[in-house]
1. Has segment 88-109 got at least one residue that is over 29 Å from Lys29 (Cα atoms), surrounded by 24 or more Cβ atoms within 10 Å (Cβ to Cβ) and of a type in the set (Val, Ile, Thr)?
2. Can you pull out the residues in segment 119-144 that are closer than 18 Å to Gly98 by Cα, open to solvent by 70 Å² or more (accessible area, probe 1.4 Å) and assigned to a helix (DSSP H, G or I)?
3. Taking segment 34-70, which residues are over 16 Å from Asn96 (Cβ atoms) and either in contact with a strand residue (DSSP E or B) (Cβ under 6 Å, 6 or more places away or on another chain) or among the hydrophobic types (A, V, I, L, M, F, W, C) (or both)?
4. Which residue pairs have Cβ atoms under 9 Å apart, sit 6 or more places apart or on different chains, and have a first residue in segment 132-153 that is over 18 Å from Ser117 (Cα atoms) and a second that is among the aliphatic types (A, V, I, L, M) and open to solvent by 80 Å² or more (accessible area, probe 1.4 Å)?
5. Of a type outside the set (Phe, Trp, Tyr), more than 23 Å from Ile35 (Cβ to Cβ), touching a Ser or Thr at 6+ places or on another chain (Cβ under 7 Å) and not in a helix (DSSP H, G or I) - does that describe any residue in segment 72-94?
6. All but one of (1) free of Cβ contacts under 8 Å to residues at least 12 places away in the same chain; (2) in contact with a Lys or Arg (Cβ under 9 Å, 6 or more places away or on another chain); (3) open to solvent by 40 Å² or more (accessible area, probe 1.4 Å) hold for Lys28; which doesn't?
7. Determine whether Leu162 is modelled with pLDDT under 95, outside any helix (DSSP H, G or I) and of a type outside the set (S, T, N, Q).
8. Which pairs do you get when a residue that is among the basic types (Lys, Arg), found in segment 72-94, comes within reach of a residue that is assigned to a helix (DSSP H, G or I), reach meaning Cβ atoms under 7 angstrom, with the pair 6+ apart or on two chains?
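The values are calculated or read from the model by the stated rules, or taken from the named source; none is laboratory data. If you're wondering where the values come from, they're calculated on a predicted model, not measured in any experiment. Note that each Cβ is placed from the backbone with ideal geometry, even for glycine, and that neighbours are counted across all protein chains shown. Please note that ligands, DNA and RNA were not included when accessible areas were found on the heavy atoms of the full protein model with its side chains. Shrake-Rupley method; radii C 1.70, N 1.55, O 1.52, S 1.80 Å.
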Amino acid sequence: MAKFDHENDGINSKIQQKNQGIGESYFKKAIDHHIRGDLSAAEKTYRKAIDCGVSNAAIFLNLGFIYQATQRTEEAITHYKKAISMNLNQPEAYTNLGSLYQQIGSLNQALKFTLKSLELNPDNPTAHMNLGIIYKSLGNLDKALASILKSLALNPNNSTALMNL
């Protein structure tokens, strides 16, 4: 039977810790880029964090935002789903998935994800507005009206909700 080498485990652990620290630094820089609106730099820096072994729901949620903002729907869907798989309590990811599915005409998926978002955060005016648009597309005008009105009650300045009345 071969001897187990404990020394290499210690070295590997130190390398992983160092990479994790570097990755966390990249993650913080990516957030700074994202806040400043430099989505290209943010995307590249989030990727560097992932390459260093940082893996958390926030990175994938933020990448989903970037992909959605830059019209890369399939990549956005993939990254929102990854964020959800890492943390099931991601109302923003569910809201955005619902919106993306609504945009591509997958209304049943849109409804499913939007309702899940509202289950997690019942006071989200955007999710209520999206739900109204989905119900309108499904031909359920009573539910559409109720959802849009709920959105407006939560955020009276929502011009998109007003337009959808």
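1. Scanning segment 88-109 turns up no residue that is over 29 Å from Lys29 (Cα atoms), surrounded by 24 or more Cβ atoms within 10 Å (Cβ to Cβ) and of a type in the set (Val, Ile, Thr).
2. Within segment 119-144, Glu119, Lys136, Leu138, Lys143 qualify.
3. Ile35, Ala41, Ala42, Ala49, Ile50, Cys52, Val54
4. Lys136/Leu145; Leu145/Leu165
5. No, segment 72-94 contains no residue that is of a type outside the set (Phe, Trp, Tyr), more than 23 Å from Ile35 (Cβ to Cβ), touching a Ser or Thr at 6+ places or on another chain (Cβ under 7 Å) and not in a helix (DSSP H, G or I).
6. (2)
7. Here the answer is no, as Leu162 does not meet what is asked.
8. Qualifying pairs under 7 Å: Lys82/Phe60.
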